[in-house]
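S.K.: Structure provided below as structure tokens; questions to follow.
Please treat every number below as a calculation from the coordinates, not as lab data. Given the structure is predicted, the values throughout are model-derived calculations rather than measurements. Don't worry about glycine lacking a Cβ; one is built from the backbone with ideal geometry, like all the others, and counts go over all protein chains shown.
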Amino acid sequence: MKIKTFQMLLVGCSFVLAGARANAQDYKWARDMFEKQEHDFGVVARGSDARYRLKITNKYVEPVHISNVTTSCGCTAAKPSQDRLASRESAYIELTMDTRKFQHQKDSSVTVTFDQPYYAEVRIPVHAYIRSDVVLTPGGAQFGAITPGADAERKIAVAYAGRGSWKIKDVISKNPNIAAKATETRRDGQYVSYDLVVTVKGSAPLGELRDQVTLVSDDAGNPYLPVLVEGRVEAEYSVSPELVSFGNVAPGEKKTMTVFVRGKRPFAIEKIESERTQGMFEYRQPKDTRQMQAVPLTFIAPDEEQTVSEEFTVTIAGRSEPVTFKAYAKVVSTAATAGGTKPGGAATANNNP
């Protein structure tokens, strides 16, 4: 009886171990990180920029490492934005379809391989139908850096060969900050040409811009053609850091941080002002003209314990609207700061540009 019981325990343990191995080899944990399991670019024009960012999120406690990304066809390329993801961190796989060398229906796949926390492979099918009768030059509206407050335009040539009566009926933009208009420039037998002008409005918010406009033709079967719009709206001048934190400072102590003011072109700082903390802050105002200005800012702690918060206004020469940054410090007794200060680190601290 004891022998049979022991044999049954051995069998049970073997099932448990087999289950653990199966979980490690089950690729579902990796597939569940992807926002979707397949991507279809749909019908696109020849020469168009066909790119898509496939989001991936680490849903687990353990860090995840992407060891390799491969494609099954030369028509498709894929690259991760980063290969390591901490817990709850997101990244993306940039999928690109080559619409210049290839035409008609293209079906391929991207395989993403992981080696941490377990080995896994995730295959993502990718599809596109590349029209040979419509060509975009260039393949999309690439704006690069955009200065807010002024409209920015890009022109794309749309060429069609086939039906002489072909026309673009409309251009759709779902983004209120992007406008687009197609103007006919040629109609000669079976050839038709348009100029597509894409405008990013000056009211567009700061940050990355990645969207599309859609050409609507009179084709009965496939009337829609996407056009990629990419850019980044950047302030003409920026301050880093926007909040200068001096942390805990002992009464009478001096502590220096460096504030960096950047512009898209060389500039001069006309003045730096603050209102409520006279005598607590000192700064050295740059006198030359540069594209990046470094401003050393020193906090001189008063004798009384208190929290100090101040806003600084930086006036750029020739510009009516200033840029601002804030400074924060907490003045506490020496006994309170001793436990949290690293040896040799209380006098001066610098931020990297």
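S.K.: Principal axes first, then extents: for the Cα atoms of the stretch 27-131, list largest minus smallest coordinate on each axis, whole Å, largest first.
M.R.: Between the extreme Cα coordinates on each principal axis of the stretch 27-131 lie 45, 19, 18 Å.
S.K.: To the nearest 20 Debye, how big is the dipole of the chain about its Cα centre, given +1 on the beta carbon of each Lys and Arg and -1 on that of each Asp and Glu?
M.R.: For this selection, approximately 920 debye.
S.K.: Another question about this same structure. Quote the charge dipole size of the stretch 151-287 about the Cα centre in Debye, to the nearest 20; the model charges only the Cβ of Lys and Arg (+1) and of Asp and Glu (-1).
M.R.: For this selection, approximately 240 debye.
S.K.: Taking the Cβ of Asp98 as the center, what net charge do the other residues with Cβ under 15 Å away carry, scoring Lys and Arg +1 and Asp and Glu -1?
M.R.: Combined, the nearby Lys, Arg, Asp and Glu give +4.
S.K.: Here's something else I'd like to know. Take the Cβ-Cβ distance between Ser309 and Gln285 as r, set R0 to 25 Å, and report the resulting FRET efficiency rounded to the nearest 0.05.
M.R.: Efficiency computed from Cβ-Cβ geometry: 0.70.
S.K.: Which of the following values of Kirkwood radius over Cα pairs in Å was calculated from the structure shown: [x] 20.7; [y] 25.9; [z] 21.7?
M.R.: Correct label is [y].
S.K.: Please work out the FRET efficiency for the pair Thr113 and Arg232, using the Cβ-Cβ distance as r and a Förster radius of 41 Å; give the result to the nearest 0.05.
M.R.: Given R0 = 41 Å and the Cβ-Cβ separation, E is 0.85.
S.K.: Net charge near Met257, counting Lys/Arg +1 and Asp/Glu -1 over other residues with Cβ under 14 Å of its Cβ?
M.R.: 0
S.K.: Cα centroids of the stretch 236-308 and the stretch 82-135: how far apart, whole angstrom?
M.R.: Here the two parts' Cα centres lie 46 Å apart.
S.K.: Something else: Place +1 on the Cβ of every Lys and Arg and -1 on the Cβ of every Asp and Glu in the chain, take the dipole about the Cα centre, and give the residue among Pro286, Leu54, Ala150 whose Cα lies farthest towards its positive end.
M.R.: Farthest along the dipole direction, towards plus: Leu54.
S.K.: Counting Lys +1, Arg +1, Asp -1, Glu -1, what net charge surrounds Arg187 among other residues with beta carbon under 12 Å of its beta carbon?
M.R.: +1
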